[in-house]
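*Asks:* Before anything else, here's the structure in question.
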Amino acid sequence: MRILFIRPIITERPDFLEEEILKQFAAPDTIIKAKHLEWGVDSIESEYDLVFSAPFVVKLAEEAEKEGYDGIVSYCFVNPGVDAAREAVSIPILGSGEAAVNLALNLGRRIGIITILPNLLPLIRKQNQTYINMGRIVAIDSVNIPVLGLTDNDRLIDILFEKASQMIYKDEVDVIVLGCTGFGGIAKGLSQKLIMNNLNVPVIDPAGASVKVMEAIIGCNVRHSKKTFMPPIDKIRKLPI
């Protein structure tokens with residue numbers, strides 16, 4: 001199977017570096033390709049950024065279907081352009097945030113999400129309000145570091161450990177979700193530190209969740225419902241590209 005990971009940002013960081021992280025989780029016969037945007041924002045840290053990047057995510061999704069990909073991931077925790085792209089294409093598409101939260105729901109009963117900045121907390125709450133109301137997501141916090149500042153993994157693991165520990169003790173969280181794809185590859189180190197401190201709760205990596213959930217969707221030969229995600233009505237639409 002061939003999966004395209006749309007990096008919904010403009011960036012000079014090579015796509016193959018993200019592919020190396022993602023391939024660690026992929027089955028041997030899964031082909032992983034990452035592609036960043038030519039237009040948009042250099043990081044998604046607000047509702048404004050989300051809306052700004054979404055049209056270009058949809059455009060890449062349409063191109064991916066024509067190129068014969070079996071599935072698409074909008075590789076960002078706040079799932080930019082996902083629902084619109086589901087209307088535009090027939091192949092499966094999901095967002096990394098959706099994948100991570102849905103995986104966590106199978107592993108515990110009280111989920112905590114740790115993201116990058118306080119700016120994202122209202123957006124994550126909005127997107128996950130149903131699970132919050134159900135009492136499944138019980139804590140959401142941030143490390144207060146912008147995504148472009150995620151460069152020191154050792155320091156980041158220390159901060160994540162502090163936040164995760166507080167959630168486990170104070171909110172009785174039993175699953176931790178890393179709420180940014182910039183945390184990709186960090187879950188293992190955080191999990192080890194938690195276990196060393198007798199805090200044995202699973203830590204969900206959005207990179208791994210994105211790969212494995214999409215593999216499962218493709219492997220089960222299912223896709224999003226076209227009763228809900230109906231094809232767009234033909235009309236005049238213009239993009240600056």
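The values are calculated or read from the model by the stated rules, or taken from the named source; none is laboratory data. This is a predicted model, so every value here is computed, not measured. A quick note on method: Cβ atoms are made from the backbone with ideal geometry, for glycine too, and the neighbour counts reach across all protein chains shown. Just the protein is used for accessible areas: all its heavy atoms, side chains included, with ligands, DNA and RNA removed. Shrake-Rupley method; radii C 1.70, N 1.55, O 1.52, S 1.80 Å.
*Asks:* If you take the residues in the stretch 11-24 that are over 17 Å from the mean Cα position of the chain (by Cα) and either surrounded by 15 or more Cβ atoms within 10 Å (Cβ to Cβ) or basic (Lys, Arg) (or both), which one is farthest from Pro55 (Cα to Cα)? Steps first, please.
*Replies:* If we filter the stretch 11-24 for residues that are over 17 Å from the mean Cα position of the chain (by Cα), which is where we start, we get 11-14, 16.
With either surrounded by 15 or more Cβ atoms within 10 Å (Cβ to Cβ) or basic (Lys, Arg) (or both) added as a condition, the list becomes 11, 13.
Details: Thr11: 17, Arg13: 21 Å.
Going through the qualifying residues, I end up with Arg13.
*Asks:* Look through Ile132, Ile137 and report the one residue that is in contact with a helix residue (DSSP H, G or I) (Cβ under 8 Å, 6 or more places away or on another chain), surrounded by 21 or more Cβ atoms within 10 Å (Cβ to Cβ) and over 24 Å from Phe5 (Cα atoms). Break it down stepwise before answering.
*Replies:* Numbers: Ile132 fails: surrounded by 21 or more Cβ atoms within 10 Å (Cβ to Cβ).
Selected residue: Ile137, the only one of Ile132, Ile137 that is in contact with a helix residue (DSSP H, G or I) (Cβ under 8 Å, 6 or more places away or on another chain), surrounded by 21 or more Cβ atoms within 10 Å (Cβ to Cβ) and over 24 Å from Phe5 (Cα atoms).
*Asks:* Quick check: is even one residue across the stretch 26-49 over 17 Å from Arg7 (Cβ atoms) and hydrophobic (A, V, I, L, M, F, W, C)? Write out each step before concluding.
*Replies:* Here is the first cut: in the stretch 26-49, the ones over 17 Å from Arg7 (Cβ atoms) are 27-30, 46-48.
From what's left, hydrophobic (A, V, I, L, M, F, W, C): 27.
Yes; the residues of the stretch 26-49 include at least one that is over 17 Å from Arg7 (Cβ atoms) and hydrophobic (A, V, I, L, M, F, W, C).
*Asks:* What number of residues within the stretch 73-90 are in a helix (DSSP H, G or I) and surrounded by fewer than 22 Cβ atoms within 10 Å (Cβ to Cβ)? Full working, then the answer.
*Replies:* From the stretch 73-90, those in a helix (DSSP H, G or I) are 82-88; that's our starting set.
Adding the requirement that they be surrounded by fewer than 22 Cβ atoms within 10 Å (Cβ to Cβ) leaves 83-84, 87-88.
Final tally of qualifying residues: 4.
*Asks:* While we're on this one: Identify, please: which residue in the stretch 25-43 is in contact (Cβ under 8 Å) with a residue 60 or more places away in the chain and among the hydrophobic types (A, V, I, L, M, F, W, C) and is, among those, surrounded by the most Cβ atoms within 10 Å (Cβ to Cβ)? Steps first, please.
*Replies:* In the first step, residues of the stretch 25-43 are kept if they are in contact (Cβ under 8 Å) with a residue 60 or more places away in the chain; the result is 25-27, 30, 32, 38-39, 42-43.
Restricting the remaining residues to those that are among the hydrophobic types (A, V, I, L, M, F, W, C) gives 25-27, 32, 39.
Details: Phe25: 18, Ala26: 18, Ala27: 10, Ile32: 21, Trp39: 13.
The residue in question is Ile32.
*Asks:* Another question, then. Under 15 Å from the mean Cα position of the chain (by Cα), open to solvent by less than 60 Å² (accessible area, probe 1.4 Å) and hydrophobic (A, V, I, L, M, F, W, C), is that true of Val143? First the steps, then the outcome.
*Replies:* Numbers: under 15 Å from the mean Cα position of the chain (by Cα): no; open to solvent by less than 60 Å² (accessible area, probe 1.4 Å): yes; hydrophobic (A, V, I, L, M, F, W, C): yes.
No: the conditions fail for Val143.
*Asks:* For the stretch 180-207, which residues satisfy the criterion of being open to solvent by less than 20 Å² (accessible area, probe 1.4 Å) and over 16 Å from Leu107 (Cβ atoms)?
*Replies:* Result: Cys180, Phe183, Gly184, Ile186, Ala207.
*Asks:* Still on this structure, I have one more. Would you point out the residue of the stretch 188-241, among those that are among the aliphatic types (A, V, I, L, M) and assigned to a loop (DSSP other than H, G, I, E, B), that is nearest to Tyr69 (Cα to Cα)? Give the derivation first.
*Replies:* Going residue by residue through the stretch 188-241, those that are among the aliphatic types (A, V, I, L, M) are 190, 194-196, 199, 201, 203-204, 207, 209, 211, 213-214, 216-218, 222, 230, 233, 236, 239, 241.
Remaining after also requiring assigned to a loop (DSSP other than H, G, I, E, B): 199, 201, 222, 230, 233, 236, 239, 241.
Values: Leu199: 40, Val201: 35, Val222: 14, Met230: 20, Ile233: 24, Ile236: 27, Leu239: 24, Ile241: 22 Å.
By that ranking, first place goes to Val222.
*Asks:* In the stretch 44-72, which residues are hydrophobic (A, V, I, L, M, F, W, C) and either assigned to a helix (DSSP H, G or I) or open to solvent by less than 10 Å² (accessible area, probe 1.4 Å) (or both)?
*Replies:* Leu50, Val51, Phe52, Ala54, Phe56, Val57, Val58, Leu60, Ala61, Ala64, Ile72 - these are the residues of the stretch 44-72 that are hydrophobic (A, V, I, L, M, F, W, C) and either assigned to a helix (DSSP H, G or I) or open to solvent by less than 10 Å² (accessible area, probe 1.4 Å) (or both).
*Asks:* Looking at (1) farther than 19 Å from Leu22 by Cα; (2) in contact (Cβ under 8 Å) with a residue 40 or more places away in the chain, which is the only condition Ile204 fails?
*Replies:* Result: Ile204 fails condition (1) only.
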